[in-house]
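Student: Can you read through this structure? Questions will come right after.
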């Protein structure tokens with residue numbers, strides 16, 4: 001049976017408590033320009049992740065009185081890098097709490113860390129043959 005659901009992801013949601021500070025932090029993490037003049041009233045702000053890539057949507061649930069924030073205790077997704085050691089140094093330099101040290105496997109290296117709200121994210125470096 002054919003599904004009406006498209007085989008793609010359009011955005012990934014991350015639940016946050018302070019939209020402005022989260023946009024600032026994620027912008028720094030991802031080297032995206034941060035405009036101090038934007039009003040961040042919420043409830044969402046989507047960071048561009050590149051052409052034809054899913055967006056990263058920060059959601060503070062400011063209009064949902066019943067929402068109770070619980071940070072993710074498992075990685076929500078992974079970000080990519082070509083240099084896992086430099087990525088690790090960079091993440092530490094912006095003050096993120098490291099959750100797991102770099103794990104090295106034959107074709108992948110990764111580590112996990114927390115965003116300012118305690119959500120766990122992962123950075124991976126995949127080794128592929130050209």
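Student: Quick one: residue 4 ticks every box in (1) under 22 Å from residue 96 (Cα atoms); (2) without any contact (Cβ under 8 Å) to a residue 24 or more places away in the chain bar one, so which box is it?
Tutor: Residue 4 satisfies every listed condition except (1).
Student: Anything in region 39-72 that is in contact with a helix residue (DSSP H, G or I) (Cβ under 6 Å, 6 or more places away or on another chain) and modelled with pLDDT under 90? List them, or say none.
Tutor: 40, 42
Student: Checking residue 47 against (1) more than 11 Å from the chain's Cα centre (by Cα); (2) surrounded by 14 or more Cβ atoms within 10 Å (Cβ to Cβ); (3) over 16 Å from residue 122 (Cβ atoms): exactly one of these is not met. Which one?
Tutor: Only one criterion in (1) more than 11 Å from the chain's Cα centre (by Cα); (2) surrounded by 14 or more Cβ atoms within 10 Å (Cβ to Cβ); (3) over 16 Å from residue 122 (Cβ atoms) is unmet by residue 47, namely (1).
Student: Consider residue 125 carefully, then state whether it is within 13 Å of the chain's Cα centre (by Cα) and either crowded, with 16+ Cβ neighbours inside 10 Å or assigned to a loop (DSSP other than H, G, I, E, B) (or both).
Tutor: In short, no.
Student: Is there a residue in region 69-79 that is over 15 Å from the mean Cα position of the chain (by Cα), closer than 18 Å to residue 117 by Cβ and part of a loop (DSSP other than H, G, I, E, B)?
Tutor: Yes: region 69-79 contains one or more residues that are over 15 Å from the mean Cα position of the chain (by Cα), closer than 18 Å to residue 117 by Cβ and part of a loop (DSSP other than H, G, I, E, B).
Student: Identify, from the list 109, 80, 72, the residue that is surrounded by 13 or more Cβ atoms within 10 Å (Cβ to Cβ) and more than 21 Å from residue 18 (Cβ to Cβ).
Tutor: After ruling out the rest, the residue left standing is 109.
Student: Return the residue satisfying two criteria in turn: it lies in region 83-103 and is surrounded by 14 or more Cβ atoms within 10 Å (Cβ to Cβ) and part of a strand (DSSP E or B), and of such residues it is farthest from the chain's Cα centre (by Cα).
Tutor: My answer is 102.
Student: Of all residues in region 16-43, how many are over 21 Å from residue 91 (Cα atoms) and without any contact (Cβ under 8 Å) to a residue 24 or more places away in the chain?
Tutor: 8
The values are calculated or read from the model by the stated rules, or taken from the named source; none is laboratory data. Computed from a predicted structure; not experimentally measured. We place every Cβ from the backbone using ideal geometry, glycine too, and count neighbours over all the protein chains shown.
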